[in-house]
1. In debye, nearest 20, what is the charge dipole magnitude of the chain about its Cα centre with +1 on Lys and Arg Cβ and -1 on Asp and Glu Cβ, if you could check?
2. Which value in deg cm²/dmol, rounded to the nearest 500, describes the helix-derived mean residue ellipticity at 222 nm for the chain, given -39,500 (n - 2.57) per DSSP H run of n ≥ 4 and division by the residue count?
3. Can you give the FRET efficiency to the nearest 0.05 for A186 and K363, using r as the Cβ-Cβ distance and R₀ = 41 Å?
4. Hey, quick one: spin label on E8, modelled 7 Å out along Cα-Cβ, who in the range 30-52 has an amide N within reach, i.e. under 15 Å?
5. Between T43 and A346, what FRET efficiency follows from the Cβ-Cβ distance if R0 is 56 Å, with the result rounded to 0.05?
6. Could you give me the radius of gyration and the Dmax of the range 1-87, taking only the C-alpha atoms into account and expressing both in angstrom?
7. If I take R0 = 51 Å and measure r between the Cβ atoms of I396 and Q97 in this structure, what FRET efficiency does the formula 1/(1 + (r/R0)^6) give, to the nearest 0.05?
8. So, by mean Cβ neighbours within 10 angstrom, what's the order for 123-133, 282-292, 383-393 with the highest one leading?
Amino acid sequence: MSGINYSEKIPNNVNLTTDRTLQRALEHWQPHFLEWWKGMGPTDFQGADVYLRTATSVDADGWATYGTVKMPDYRWGIFLADPQKDRTIGFGDSMGQPVWQQVPGEYRSTLRRLIVTQGDTEPASVEQQRLLGHTCPSLYDLRNLFQVNVEEGRHLWAMVYLLHAYFGRDGREEAEELLARHSGDADKPRILTTFNEPISDWLSFYCFTYFTDRDGKYQLKSLAESGFDPLSRTCRFMLTEEAHHMFVGETGIGRVVKRTLEVMKALGSDDPAKIRAAGAVDLPLLQKYLNFWCSSSLDLFGNEISSNSAANFANGLKGRPDESTYEDHVLRDKTFQLKTPQGDQAVPMLNALNEVMRESYLKDCEIGLKRWNRQIERAGHAFRLTLPATNFRRSIGAWMGLPVGPDGKMIAKEEYDKNLYHWIPSPEDKAFVHSLMKRVAEPGKMAGWVAPPERGINNLPVEYEYVKLH
Ligand SMILES: [Fe+2]
Ligand SMILES: [Fe+2]
């Protein structure tokens, strides 16, 4: 089951040839996908030879093979993790019953919505990142960007397969719509706000892969628990790809910190003006980028109190990330202490699941912070990077639009407005970061604002020519 068939037009491990109707429908969608990729993907790099990994099987180990590919020739396809024998629903009111191999009629529109919302983020991020190649800090980074891009393209395939295979004509229409909406488009934007924010510099790219791809990880983890088995298996395999995206973010930010510390040492100063003059990112500036992307990504978890997420859980459609690590999987008589602007409130646990997810996500975000702060501490500096409070700069839920600082304290509106650009990047900060974004495309060379990585890809040296631009 886990072997992937590459001899077919659409690589897959789902025996696509046994379902001619489905195969034809997907083969009809395939050229539309390619048109989208060529029009909205990294358009100026379609002819470049890129050292990419491709999935060859869905086994936990050794699933990837590496080779040089032109991106439009990448073998996008349909890969599901192997089925688990006798799998049962692991949470909610139908806990313990066999998982569904078909969509239960009563959950059809909800499941379709969940799949479309997840699917929409995948091509959105490719669109957001489409011009970054022009300002890559190194060929190593350029390759990582393209790896992320082709895999987000594959994640779109993953969701489109589910739509085509299980949702009939509605599903096929949704699959077309996934190519018709575009990030930041005034008339047809992507569904979620964060995926309409432009990513025009590499500091934002590292933050996006650290914070926003991690939101993706948590969404995929909760869908991997789903009682709808094909969705669960699809998401389980996507998670193996997603891990690399967060690696790019975590090591990217770590390399920025490392370089900044080197510059601070050489200058004998932590004066941001001097550090900027030396062409590096001062740590308070990095903190602003963290504040922006963390708070923006926190919105993706939705309202603190949500009857939708309660129903999705009770009905076995979407669980908590790592559901098996919890004791109670039904949650009918549990409550949650929610922090609201009116004070602490006890709410039914089922209605607070978005908040539960947000909390576990933040714990995961802390891991990188600890690592970066250790670097700073070892260099002898008192400065520490932090995550903003969860109620800072929210545009959804109970704290929406309220003047709350990154420390979580409510302040006067004027004070908030006056200080906002001390907390998130100001237009001048962004202009400075943009001024650093100059393409470095010689093998082994690195831009001055970021340190080289510890090691290259797949045991190759850092100096390897990961992208041949021609
Ligand atoms: Fe993805
Ligand atoms: Fe991703």
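1. Once rounded to the nearest 20, the dipole reads 620 debye.
2. Computed ellipticity for the chain at 222 nm equals -15500 deg cm²/dmol.
3. Details: r = 37 Å, r/R0 = 0.91.
The value I calculate is 0.65.
4. 30
5. It comes to 0.60.
6. Expressed in Å, the Cα Rg and Dmax of the range 1-87 come to 14.7, 48.
7. Numbers: r = 33 Å, r/R0 = 0.65.
So the FRET efficiency works out to roughly 0.95.
8. Taking the mean over residues of other Cβ atoms within 10 Å, the ranking is 123-133, 282-292, 383-393.
The values are calculated or read from the model by the stated rules, or taken from the named source; none is laboratory data. Remember, predicted model here, so these are calculated numbers, not experimental data. Cβ sites come from the backbone with ideal geometry, for glycine too, and all protein chains shown count toward neighbours. Just so you know, the surface numbers come from the protein's heavy atoms only, side chains and all, with ligands and any DNA or RNA stripped out. Shrake-Rupley method; radii C 1.70, N 1.55, O 1.52, S 1.80 Å.
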